[in-house]
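To start, the structure itself, in structure tokens.
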Amino acid sequence: MKLSELLNIVLVVILIGVIIKYNYDVSDNQKIAKELINSEAVVDSLHIKKSVGKRPYLFPMPIGVIGSYDSSGTPNIMAASWIGIVNSKPLSIGVSLRPATYTYKNVMRTKSFTVNIANEKLISYIDWVGHYSGKDMNKFEKLSLTPVRSKLVDAPYVNEFPVVLECKVVNITNLGKHTHFVGEIMDVKVDTALLKDDNKNLIDIYKLRPVMTGQGSGYFGIGQHLGRGGKVYQRLNIIP
């Protein structure tokens with residue numbers, strides 16, 4: 001075979017490879033374009049909305065494990081997601097409980113509770129204490145968790161949970177199916193391993209890895225950091 005013929009064959013093979021790659025890229029790009037058209041980003045940009053009725057849609061929702069003592073002094077815990085900071089001075093947190101729950105009766109009696117914040121490793125415990133009632137058992141004993149009696153309020157906290165808020169009830173409001181308890185935060189206790197290296201009073205959320213709920217969609221962890229408050233608005237470059 002002559003050298004010229006060999007070079008022609010090589011050129012033909014290269015040309016075929018380029019054509020195949022081009023067709024693959026075009027097909028792949030078309031697939032990506034189709035996905036983009038159907039993506040949430042495009043739908044969101046069109047602002048097409050549908051009424052879904054009255055639903056407790058607030059995303060995400062934190063999960064706290066509420067600690068309390070019953071009338072015999074037995075420590076109890078339950079999971080609650082209808083919680084949130086409600087005041088800055090005095091610093092207070094609110095939690096809404098149904099009167100049917102064992103914790104409701106405990107908090108009404110002691111006027112105290114703790115909010116125990118779990119991490120991803122404790123997610124099974126969160127789900128378990130939210131599924132069973134303390135009126136039927138001692139949950140601490142069942143789960144081999146350690147109750148610690150608060151020195152500030154009449155309620156226990158969970159030693160194995162990394163963040164604890166100790167709260168004294170300062171307001172009770174009957175809202176209907178739920179009763180809203182406002183608790184003044186008397187103190188917060190944090191595992192030292194979770195504190196930021198440059199500020200020993202602040203929690204590093206990536207070390208904590210808290211758990212959240214998505215209203216019927218199960219449990220979720222934290223995502224990527226999207227920016228600091230007081231900074232990201234500057235991207236708009238709008239002068240008031």
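Which log10 I(q)/I(0) values, to two decimals, does the stretch 142-184 give at q = 0.14 Å⁻¹ under the Debye formula with one point per Cα? So the normalised log intensities are -0.46.
For the residue pairs Lys50/Lys196; Lys50/Lys111; Lys135/Lys196; Lys50/Lys135; Lys168/Lys200; Lys142/Lys207, the C-alpha atoms sit more than 31 angstrom apart in Lys50/Lys196; Lys50/Lys111; Lys135/Lys196; Lys50/Lys135. Computed over protein heavy atoms with a 1.4 angstrom probe, the accessible surface ordering of Asp136, Asp198, largest first, is Asp198, Asp136.
Think of a 1.4 Å ball rolled over the protein heavy atoms: the stretch 56-159 then has 51 Å² of accessible area per residue. Accessible surface comparison of Lys177, Lys142, probe 1.4 Å, protein chains only, largest first: the order is Lys177, Lys142.
The values are calculated or read from the model by the stated rules, or taken from the named source; none is laboratory data. Predicted, not measured: the structure shown is a model, and the values here were computed from it. We work out accessible area using only protein heavy atoms, side chains counted, and drop any ligands, DNA or RNA first. Shrake-Rupley method; radii C 1.70, N 1.55, O 1.52, S 1.80 Å.
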